[in-house]
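This report concerns only the one structure given below.
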Amino acid sequence: MSRPPRPTQEPIIDRKMLLGFLVQSSALAGSILGIFALGLYQSDAQVAGTMAFATLVLAELFRAYSVRSEEIPVLQLGWHSNRFMQGAVMSSVALLLLVLYLPGLSTAFGMNGLPLDRWMVILPFALIPMLATESRKMIRQAWRRRTQVQQ
């Protein structure tokens, strides 16, 4: 709200935003396909699907922190700067756990509860999209600083 409105002839999705979409969607697809393949290698299709689902949900929750700003890294914004977001994320994690571990829901969704060692594999995969977005922000900041110094 502190920035002036964009010019009316400027596209809604500009090149910078499109690149952001490509980075995020590629990282998300790669992490989910990677965890699914790993789950198939280690177990069966149901476990692999459960691992992919958990990775997707957690990746989107982590990414929600990152996309609050296109320019400012999450570590500068702060993880706890929005208490409503904290509640939404915690509620979403609780719902994920209910779907995986509550007998009626897990059956309805075709999911299995996962042992702790699977969660230790899922978490790094779930962080990949957020880390890709944050890396892009840091590269952009470094590029801006470099071009400002050269001017």
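With just the Cα atoms of the chain, tell me how far they stretch along each of the three principal axes, in Å, largest first.
Here the Cα extents, ordered largest to smallest, are 60, 33, 30 Å.
What FRET efficiency, computed as 1/(1 + (r/R0)^6) with R0 = 35 Å and r the Cβ-Cβ distance, is obtained for GLN141 and ALA94, rounded to the nearest 0.05?
That gives a FRET efficiency of 0.50.
For n ≥ 4 DSSP H runs only, could you compute -39500 (n - 2.57) per run for the chain, divide by its residues and tell me the 222 nm figure to the nearest 500?
-26000 deg cm²/dmol
Springs between alpha-carbon pairs under 10 angstrom, Gaussian network model over the chain: which of GLY110, GLY20, GLY78 fluctuates most?
Between GLY110, GLY20, GLY78, it is GLY78 that shows the largest mean-square fluctuation.
Mind running the shape call on region 15-95? Use the C-alpha gyration tensor, a ≥ b ≥ c as the square roots of the eigenvalues: rounded below 1.5 for a/c, prolate if a/b tops b/c, oblate otherwise.
oblate
Add +1 for every Lys or Arg and -1 for every Asp or Glu among the other residues with Cβ under 13 Å from the Cβ of GLN42, and state the total.
-1
To the nearest 10 degrees, how steep is helix 83-101 against the longest Cα principal axis of the chain, on a 0 to 90 scale?
Helix 83-101 sits at roughly 30 degrees to that axis.
Within 12 Å, Cβ to Cβ, of PRO129, how many net charges do the neighbouring residues add up to if Lys/Arg are +1 and Asp/Glu are -1?
That works out to 0.
Could you sort 4-17, 23-36 so that the peptide with the highest average Cβ count within 10 Å comes first and the rest follow in order?
My ranking of the peptides, most packed first, is 23-36, 4-17.
According to a simple spin-label model (label point 7 Å from Cα along Cα-to-Cβ), what is the distance in nm between PHE84 and ASP14?
2.7
Let me have the relative contact order for the chain, percent, based on Cα pairs under 8 Å that are six or more residues apart.
Averaging sequence separation for qualifying contacts and normalising by length gives 34 percent for the chain.
For region 77-151, report the convex hull volume of the alpha-carbon atoms normalised per residue, in Å³, without decimals.
In region 77-151, the Cα convex hull volume per residue is 124 Å³.
Where a number appears in this text, it was derived from the coordinates with a stated rule and is not lab data. As the structure is a prediction and not an experimental result, all values here were calculated from the model. Reconstructed Cβ throughout: ideal geometry from the backbone, glycine too, with neighbour counts over all protein chains shown.
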